[in-house]
Amino acid sequence: MKKLFACVVCFGLAAFVGIAGNGAPTLEGSWTAIAGIAKGEKIPDSEIAKAMLVVTFKEGKYTVTSMGKKLETGTYKLDPKAKPAAIDLIIGEGKDKDKTQLAIYKVQGDQLTI
């Protein structure tokens, strides 16, 4: 799990992309991993498919599951005005409990890249 969040991961939207009051897309919904890059190398599609990684964002909270099993939960903070847009994941439950993962993100249509 840590390997996937320490790299670029693309998620396809399984629910919907909402639009915030300022016209910017939100992350609300469930996203399924469709691709990833770790240490500059593409993660094989077979590994991505096998992991069945899903991240759900709802009302400032997130949950990460793999093969239907909950791996991590916590809260998140977005800074969409940052260039590039930033997201902080504050881990409440899981292997890295009480740590904060700093990342950047981009939403294009129905694809989220973290």
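Remark: pairs (first residue in the stretch 71-89, touching a residue at least 12 places away in the same chain (Cβ under 8 Å) and on the phi < 0 side of the Ramachandran plot; second residue among the acidic types (Asp, Glu) and open to solvent by less than 30 Å² (accessible area, probe 1.4 Å); Cβ separation under 9 Å; 6+ apart in sequence or on different chains) = 72/96; 89/72.
For the stretch 38-57, the tally of residues that are in contact (Cβ under 8 Å) with a residue 24 or more places away in the chain and either in contact with a Lys or Arg (Cβ under 9 Å, 6 or more places away or on another chain) or exposed (fewer than 13 other Cβ atoms within 10 Å of the Cβ) (or both) stands at 3.
For the stretch 78-101, a residue qualifies if it is open to solvent by 70 Å² or more (accessible area, probe 1.4 Å) and either out of contact with any strand residue (DSSP E or B) (no Cβ under 8 Å at 6 or more places or on another chain) or farther than 23 Å from residue 32 by Cβ (or both), and the qualifying residues are 79, 81, 83, 97, 98, 99, 100.
Residues that are touching a Phe, Trp or Tyr at 6+ places or on another chain (Cβ under 9 Å), among the aliphatic types (A, V, I, L, M) and at pLDDT 95 or above do not occur anywhere in the stretch 66-83.
Might you let me know whether the stretch 76-87 holds any residue that is assigned to a strand (DSSP E or B) and farther than 17 Å from residue 26 by Cα? Looking for residues that are assigned to a strand (DSSP E or B) and farther than 17 Å from residue 26 by Cα, one finds none in the stretch 76-87, hence no.
The values are calculated or read from the model by the stated rules, or taken from the named source; none is laboratory data. Model, not experiment: these values are computed from the prediction. As a convention, Cβ positions derive from the backbone with ideal geometry for all residues, glycine included, and neighbour counts pool all protein chains shown. Heavy atoms of the whole protein, side chains included, go into the accessibility calculation; ligands, DNA and RNA do not. Shrake-Rupley method; radii C 1.70, N 1.55, O 1.52, S 1.80 Å.
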